[in-house]
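K.L.:
For reference, the structure I am asking about is given below.
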């Protein structure tokens, strides 16, 4: 300890420069961290914001995908490809025969809303993606959306 004390007393100018440089370096690190924190988004939070909190109180029934697949059994050539839940958005992908008319698909989509309970339609948006069983098609793909109830008003059909 005495050696350090003697060194500092004998080299005051050199030690003060080193202390100043270290202090500036610490301040620089703090400033850079503050700037990065200000400019970069907070990735710890939900990407959906707080809109998922409403749907936590109104979960989708566990058998909803089965209900939908059962509903589609009444329609020849309609196949449920995917049923995916993302926060308050339900993504549904249905594959149809390429020669199926789009007006029939629209009727099926409107009837499909009956396979969802009222609580689901009140709090969740539906996105329906219709694709053809062929790779290249003139009529498909088509995308329809059904928005949740807004201001007490419910939609009765998909918007295409």
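Each reported figure results from applying straightforward, stated rules to the coordinates on display, with no laboratory input. What you see is a predicted model; the values in this text were computed from it and never measured. With ideal geometry, Cβ positions are generated from the backbone for all residues, glycine too; neighbour counts draw on all protein chains shown.
K.L.:
Compute the convex hull volume of the Cα atoms of the chain, divide it by the residue count, and report the result per residue in Å³ as a whole number.
P.N.:
238 Å³
K.L.:
Please report 151, 119 as a ranked list, fewest other C-beta atoms within 10 angstrom at the top and most at the bottom.
P.N.:
151, 119
K.L.:
Cut-off is 10 Å between beta-carbons; in what order do 83, 158 appear when sorted fewest neighbours first?
P.N.:
83, 158
K.L.:
Next up: When DSSP assigns beta bridges and you keep just the ones with both residues in the chain, what percent turn out antiparallel, to the nearest 5?
P.N.:
So the antiparallel bridges in the chain amount to around 65 percent.
K.L.:
Treat each spin label as a single point 7 Å out from the Cα along the C-beta direction, and report the residue 62 to residue 14 distance in nm.
P.N.:
About 7.4 nm, to one decimal.
K.L.:
By counting other Cβ atoms within 10 Å of each Cβ, how are 146, 58 ranked from fewest to most?
P.N.:
Going from sparsest to densest Cβ surroundings: 58, 146.
K.L.:
To the nearest 500 deg cm²/dmol, what mean residue ellipticity at 222 nm is calculated for the chain from DSSP H runs of n ≥ 4 alone, each contributing -39,500 (n - 2.57), summed and divided by the residues?
P.N.:
The helix-only estimate for the chain comes to -13000 deg cm²/dmol at 222 nm.
K.L.:
Counting only Cα atoms, I'd like the Rg/Rh figure for the range 97-160, Kirkwood definition for Rh.
P.N.:
Rounded to two decimals, Rg/Rh equals 1.04.
K.L.:
Further, regarding this structure: Taking 20 °C and 1.002 mPa s as the conditions, I'd like the Stokes-Einstein D for the range 57-146 in µm²/s, using the Kirkwood hydrodynamic radius from alpha carbon pairs.
P.N.:
Stokes-Einstein gives a translational diffusion coefficient of 159 µm²/s.
K.L.:
Now for a separate question. Tell me, what is the FRET efficiency for residue 85 and residue 138 to the nearest 0.05, using R0 = 22 angstrom and their Cβ-Cβ distance as r?
P.N.:
It comes out at approximately 0.10.
K.L.:
Give me the extension gain from residue 70 to residue 21: residue separation times 0.36 nm, minus the current Cα-Cα distance, reported in nm with one decimal.
P.N.:
10.4 nm
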